[in-house]
1. Take the residues in segment 150-171 that are of a type in the set (A, V, I, L, M) and surrounded by fewer than 19 Cβ atoms within 10 Å (Cβ to Cβ), then tell me which one is nearest to the chain's Cα centre (by Cα).
2. What's the number of the condition D208 fails, among (1) surrounded by 12 or more Cβ atoms within 10 Å (Cβ to Cβ); (2) touching a Phe, Trp or Tyr at 6+ places or on another chain (Cβ under 9 Å)?
3. Has segment 134-149 got at least one residue that is among the small types (G, A, S), more than 12 Å from the chain's Cα centre (by Cα) and modelled with pLDDT of 95 or more?
4. Would it be correct to say that L218 is at pLDDT 95 or above and outside any helix (DSSP H, G or I)?
5. How do the helices (runs of 4 or more DSSP H) wholly within segment 54-131 filter down when requiring 2 or more residues that are open to solvent by 70 Å² or more (accessible area, probe 1.4 Å) and at pLDDT 85 or above: which remain?
6. So which residues in segment 257-271 are surrounded by fewer than 11 Cβ atoms within 10 Å (Cβ to Cβ) and of a type outside the set (K, R)?
7. Restricting the first residue to segment 242-271 and requiring it to be in contact (Cβ under 8 Å) with a residue 40 or more places away in the chain and of a type in the set (S, T, Y), which pairs with a second residue that is assigned to a loop (DSSP other than H, G, I, E, B) and open to solvent by 20 Å² or more (accessible area, probe 1.4 Å) meet a Cβ separation below 7 Å and a spacing of at least six or different chains?
8. Output the residue which, of all residues in segment 97-118 that are touching a helix residue (DSSP H, G or I) at 6+ places or on another chain (Cβ under 8 Å) and of a type in the set (G, A, S), is nearest to D228 (Cα to Cα).
Amino acid sequence: MHTLTVDDRELVVTQMNSILSRLDPDGVHLGATTGTEALRLAGESPLDVAFLDVEMPGDLDGLSLGRRLRARYPRLNIVFITGHQEYAMNAFELDASGYLLKPLIQEAVAHQLSVLRFQIDGQQAGKIRIRCFGPFEAYCGGVPLDFSYSKSKELLACLVDHYGALCSNDTLIGTLWPDEPADQHTKARLRKCVKDLKDVFAAAGAADVIRHQERIGLGLDVSRLDCDYYRYLQGDPMAVHQFSGKYMTQYAFAEETRASLQYEQTSARGE
């Protein structure tokens, strides 16, 4: 990943690049203290993410610089840095990926990197992106997948939580409708959700992500997914830092995995 941090205080630039180097040790992380210097660096190196101070002095403040950079790189992820919450709302006129409040903390930076608006070439190309840390969401090309039924999205979350294992109809019904019997009514509802899930993935050009074996179960080809939870399990440093104790927060069935991750995190800290 190629990043550029721009702040008129060199200490902030140094701090941000130190955080980014820990989160993405193989990346290229540039810094500038003026808009002019930032534009020069942007012209010399490809950029994936720009972290811009909103309140820089002079003619080229963060918002003005953001407009110049966005004109040059339409799919550049822009994250604004500010010491004042009220300034943050101005960031969204540029379709910014988000904002960071000073003082900067590593967990907040990691979260912003996990929810970038535009995918980074070479990292997520051809994959569906899944966010588990926080509210569950699934994206294709930076746009959330649109399901016809809320239970279809919950079905996908359940399959993600099972990490590629095939889940039987009874298991899925017990997860999605825990207070209802596995009768013909709930089986019909499950079939509608499965069809919806398949249709959404087919429309996204990723039909083969869904593994469906009649009389055995439903699962996912996890190699086709870019998922923060899976990267965490694989020991990816950025994913480890992204986890802040929240996992699929809207779903009760995720509590077991959430508790396991929280316990592992606490143990790693020696608490």
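1. If we filter segment 150-171 for residues that are of a type in the set (A, V, I, L, M), which is where we start, we get 155-157, 159-160, 165-166.
Filter once more, so that each one left must be surrounded by fewer than 19 Cβ atoms within 10 Å (Cβ to Cβ): 165-166.
Values: A165: 23, L166: 25 Å.
My answer is A165.
2. Evaluating D208 over (1) surrounded by 12 or more Cβ atoms within 10 Å (Cβ to Cβ); (2) touching a Phe, Trp or Tyr at 6+ places or on another chain (Cβ under 9 Å) leaves (1) as the failure.
3. Yes, because at least one residue in segment 134-149 is among the small types (G, A, S), more than 12 Å from the chain's Cα centre (by Cα) and modelled with pLDDT of 95 or more.
4. Details: at pLDDT 95 or above: yes; outside any helix (DSSP H, G or I): yes.
So L218 passes the test.
5. Details: elements: 62-72, 85-88, 106-114.
Passing ranges, in order: 62-72.
6. To start, the set of residues in segment 257-271 that are surrounded by fewer than 11 Cβ atoms within 10 Å (Cβ to Cβ) comprises 263, 267-271.
Once the filter is applied, which keeps residues that are surrounded by fewer than 11 Cβ atoms within 10 Å (Cβ to Cβ) and of a type outside the set (K, R), segment 257-271 yields Y263, S267, A268, G270, E271.
7. Short answer, once both residue conditions are applied: T249/P135.
8. It comes out as S114.
The values are calculated or read from the model by the stated rules, or taken from the named source; none is laboratory data. Everything quoted here is computed from the prediction, not taken from an experiment. With ideal geometry, Cβ positions are generated from the backbone for all residues, glycine too; neighbour counts draw on all protein chains shown. Accessible surface is based on the protein model in full, side chains and every heavy atom, while ligands, DNA and RNA are left aside. Shrake-Rupley method; radii C 1.70, N 1.55, O 1.52, S 1.80 Å.
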